[in-house]
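First up is the structure itself, then whatever we jot down about it.
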Amino acid sequence: MLAAYVSPKDASLWKKLIPLAKKKGDASLARHCILKAMNADPEDVDLKYLCGYMYHNLCEYQKAAEIYEQIVRIYPANSAVRKVAAQMYRECGQIDNAINLLKDYADTQTFNIDWSVLDLLISLYLRNNVFSEALKQIKRAQLHLGSQQKLPVQLQAKEVICHAYCGDMKHAEIFLRDVRLEPSKENIDVLKELASNLEKMGRYEYAVKFYLLIENVATQNDGGLCFDHKEMGSWYVKAAQCYMILGDKKNAIPYFYKALQSMKDNIGIRLTLSSLLIDDDKTDEAATLLSPPKIPELQSANTPDQQKPWWCDGKVKMALAKLYYNKGNLEDFVDTIFHPILETLNVEYANRKVKSMRKLPNIVLHERVKVLGEQRPDSVFQGLRPIASPDELQKANRAKKLIEKRTAANEELKHDYLLCRTLALLQRYWDALQIINRTLKLGNDALTGDKKEELRSLGAQIAYRAPDPSHGFKYVRYVVQQHPYSLAAWNSYYKVVSRIEDRFPHHFKYLLRTREANPDCVPPIIISGHRFTAISQHQSAARDYLEAYKLDPENPLINLCVGTALISLALGFRLQNKNQCIVQAFAFLYRYLRLCDNSQEASYNIARAYHHIGLNTLAAVYYDKALSTEEKDHPIPKLPYEAGSRAPEDLRPGYCDVRREAAFNLHLIYMKSGATDLARRILKTYCTV
């Protein structure tokens with residue numbers, strides 16, 4: 001190296017350094033030595049070859065083309081170098097320079113035409129859409145050969161393409177009818193070029209014929225293929241796609257199956273084929289296609305250093321789950337999609353950002369995207385830069401990506417919600433609550449207020465139905481927070497709380513906060529009184545009921561609760577003025593009877609109160625009134641999430657009739673007084689099924 005720098009004009013020293021640099025693997029040093037050697041000896045053609053090859057490997061096609069063109073000037077008859085230089089110009093997009101380089105050579109050739117150069121020149125004309133010049137070159141070659149000889153297959157294919165671009169398809173039909181091709185890679189490349197160009201032109205009926213011809217040409221005499229199976233599968237896919245565009249889906253299905261045999265791990269082919277089978281009412285076949293194999297391959301899905309098999313792909317699982325759901329196989333639907341969705345939510349929750357940025361509403365995002373303008377495919381003017389500042393364009397592009405991301409997330413949320421509803425329908429309440437909890441905690445951009453309301457409402461439904469409603473308590477509580485004066489919301493809340501075993505501190509704390517925040521809200525006061533009644537603290541219960549009575553004195557339920565609490569308090573051992581307490585209790589109970597217009601239920605409750613304190617004569621009178629009163633059936637009240645549904649009203653026969661209960665209690669009084677005949681007659685009349 002030192003000697004080369006001491007004598008920079010000595011090209012031999014730089015030449016000796018070139019193989020040493022290559023052996024060392026130092027590409028930059030090798031390039032430096034080649035350039036120094038070329039500067040020292042500009043006429044050395046071998047150095048130019050070496051330099052052009054080096055630029056070619058470095059993908060610097062412009063410099064490689066210029067070097068090869070220098071060689072062409074030195075050796076104009078070297079068609080191989082001329083062709084390489086044209087190819088380099090083609091790679092860097094300078095098609096005109098490549099055409100000029102080859103056209104001069106092709107025009108001077110009258111004998112021993114280099115067909116590869118002519119084929120490349122015509123290809124360049126086709127790429128530049130100069131079909132007339134391409135046809136001139138083909139006719140010139142045909143005149144040179146004469147009418148007795150045919151053009152090479154490559155040029156015949158180029159002629160078909162040129163005429164097809166001009167709207168003449170007769171040559172394509174002649175090629176399909178007359179040309180016989182032997183199995184070889186060169187002939188297959190010719191057919192691929194023909195088929196792909198016809199497909200680009202929209203001539204799908206001819207493109208599919210050439211795609212199918214590839215299979216015949218690729219098949220050797222012994223039945224094998226002279227072509228790679230995976231690459232053959234890609235052309236099967238092309239043929240099937242052409243059939244789909246032509247509307248012939250039945251013929252597309254077999255070729256997708258052929259493609260799938262050579263590309264079993266291709267997810268796109270499998271999903272497209274399954275959709276075609278579903279359209280053809282072959283749902284069982286589509287389910288088999290998307291289902292994991294019964295005997296999995298040795299490749300394990302749990303091994304991190306290996307690629308997961310196709311049946312573990314999320315798109316395949318989603319398509320299979322959707323298929324099961326449409327078929328009504330809810331168990332298979334849940335088994336297919338539950339674990340992937342839960343795992344995805346857990347991963348996203350673990351990778352969530354610590355500090356979430358302010359979420360821009362969709363209206364603002366759409367306003368920003370308007371800067372980019374609308375896409376108009378039919379317009380001649382395409383690719384024009386919008387009139388906006390760089391900052392506005394950057395914001396618009398970010399908004400566009402965010403809208404696309406939110407749209408995809410909305411689709412995922414639909415799957416999550418559908419899964420939760422199905423899990424609730426299958427009574428897998430804990431699994432449904434897991435999905436709801438993770439989705440709400442994640443709080444991604446697509447989770448709008450309406451979506452959150454839907455998920456929380458579903459959580460409240462699950463808490464209402466689940467055997468252990470404690471896990472869904474927060475969703476019922478949220479419904480009550482949103483509707484603090486809704487009796488239906490408080491009814492569902494109380495039913496959930498009353499089914500939770502032992503004491504539930506969250507419930508007590510929430511009642512206290514609600515009573516402080518909404519002092520005029522009656523339902524939490526009544527529920528607090530029910531809580532004291534359940535633990536036999538009747539004095540505290542009466543205090544809460546009386547507080548509710550001050551707010552709503554015309555409420556029959558409150559009057560009933562006050563009366564029953566005072567009676568229970570009077571029957572205790574600590575109260576001295578028991579009679580006064582009982583009189584006050586019946587004052588509230590008779591007010592309750594008046595507010596209910598002497599209904600059957602009110603008469604029964606009065607009778608029960610008299611029966612409870614031992615006044616059996618008065619109890620019998622009101623039991624008789626309850627027996628003589630007919631009560632119409634009323635629909636069972638709906639919960640908040642059922643209010644907007646179109647489900648028919650729940651009218652259970654005898655749901656509001658308490659005559660059977662009144663008859664049984666009256667028979668107890670008759671039995672105690674010794675009137676067994678009356679007791680037997682009452683039971684036979686009202687309590688016999």
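The values are calculated or read from the model by the stated rules, or taken from the named source; none is laboratory data. As the structure is a computational prediction, the values presented were derived from the model and not from experiment. Using ideal geometry, Cβ is built from the backbone for each residue, glycine included, and neighbour counts are taken over all protein chains shown.
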Point to revise | Test result for P484, crowded, with 17+ Cβ neighbours inside 10 Å, of a type outside the set (A, V, I, L, M, F, W, C) and either under 32 Å from the mean Cα position of the chain (by Cα) or within 22 Å of P519 (Cβ to Cβ) (or both) | key: no
Review point. Since C521 meets every condition but one in (1) at pLDDT 85 or above; (2) out of contact with any helix residue (DSSP H, G or I) (no Cβ under 6 Å at 6 or more places or on another chain); (3) exposed (fewer than 15 other Cβ atoms within 10 Å of the Cβ), which condition does it not meet?
Key: (3)
Review point. Identify, please: which residue in region 309-335 is touching a residue at least 12 places away in the same chain (Cβ under 8 Å) and among the small types (G, A, S) and is, among those, surrounded by the fewest Cβ atoms within 10 Å (Cβ to Cβ)?
Key: G314
Check your understanding: Within region 505-556, how many residues are hydroxyl-bearing (S, T, Y) and under 20 Å from F473 (Cα atoms)?
Key -> 3
Review point. In the list K400, K452, K474, K441, which residue meets the criterion of being surrounded by fewer than 12 Cβ atoms within 10 Å (Cβ to Cβ), modelled with pLDDT of 75 or more and touching a helix residue (DSSP H, G or I) at 6+ places or on another chain (Cβ under 8 Å)?
Key: K441
Check your understanding: When the residues of region 539-551 are filtered to those that are over 17 Å from A587 (Cβ atoms) and touching a residue at least 24 places away in the same chain (Cβ under 8 Å), which remaining residue is surrounded by the most Cβ atoms within 10 Å (Cβ to Cβ)?
Key -> A541
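It is to be established whether one or more residues within region 414-427 are at pLDDT 75 or above, more than 23 Å from the chain's Cα centre (by Cα) and not in a helix (DSSP H, G or I). Show your work before the answer.
First, the residues of region 414-427 that are at pLDDT 75 or above: 414-427.
Narrowing the set further to residues that are more than 23 Å from the chain's Cα centre (by Cα) leaves 427.
Narrowing the set further to residues that are not in a helix (DSSP H, G or I) leaves 427.
Looking through region 414-427, at least one residue is at pLDDT 75 or above, more than 23 Å from the chain's Cα centre (by Cα) and not in a helix (DSSP H, G or I).
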Check your understanding: With (1) surrounded by 18 or more Cβ atoms within 10 Å (Cβ to Cβ); (2) farther than 23 Å from A134 by Cα; (3) modelled with pLDDT of 80 or more as the list, and M88 as the residue in question, which single condition is left unmet?
Key -> (2)
Review point. Quick one: what pairs do we get from region 652-671, first residue β-branched (V, I, T), second at pLDDT below 85, C-beta under 8 Å, 6+ apart or different chains?
Key: V658/E631
Practice item. Quick one: which helices (runs of 4 or more DSSP H) lie wholly within region 447-508 and hold at least 1 residues that are within 13 Å of A432 (Cβ to Cβ)? Key: 449-465, 473-482
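Taking region 569-620, which residues are assigned to a loop (DSSP other than H, G, I, E, B), in contact (Cβ under 8 Å) with a residue 24 or more places away in the chain and among the polar types (S, T, N, Q)? Don't jump to the end; show me each part of the working.
First, the residues of region 569-620 that are assigned to a loop (DSSP other than H, G, I, E, B): 571-577, 596-599, 614-615.
So of that shortlist, the ones also in contact (Cβ under 8 Å) with a residue 24 or more places away in the chain come out as 571-572, 596, 598-599.
Those that are assigned to a loop (DSSP other than H, G, I, E, B), in contact (Cβ under 8 Å) with a residue 24 or more places away in the chain and among the polar types (S, T, N, Q): N598, S599.
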Practice item. Could you list, in sequence order, all residues of region 167-190 that are closer than 22 Å to G202 by Cβ and surrounded by 12 or more Cβ atoms within 10 Å (Cβ to Cβ)? Key: M169, H171, A172, E173, I174, F175, L176, V190
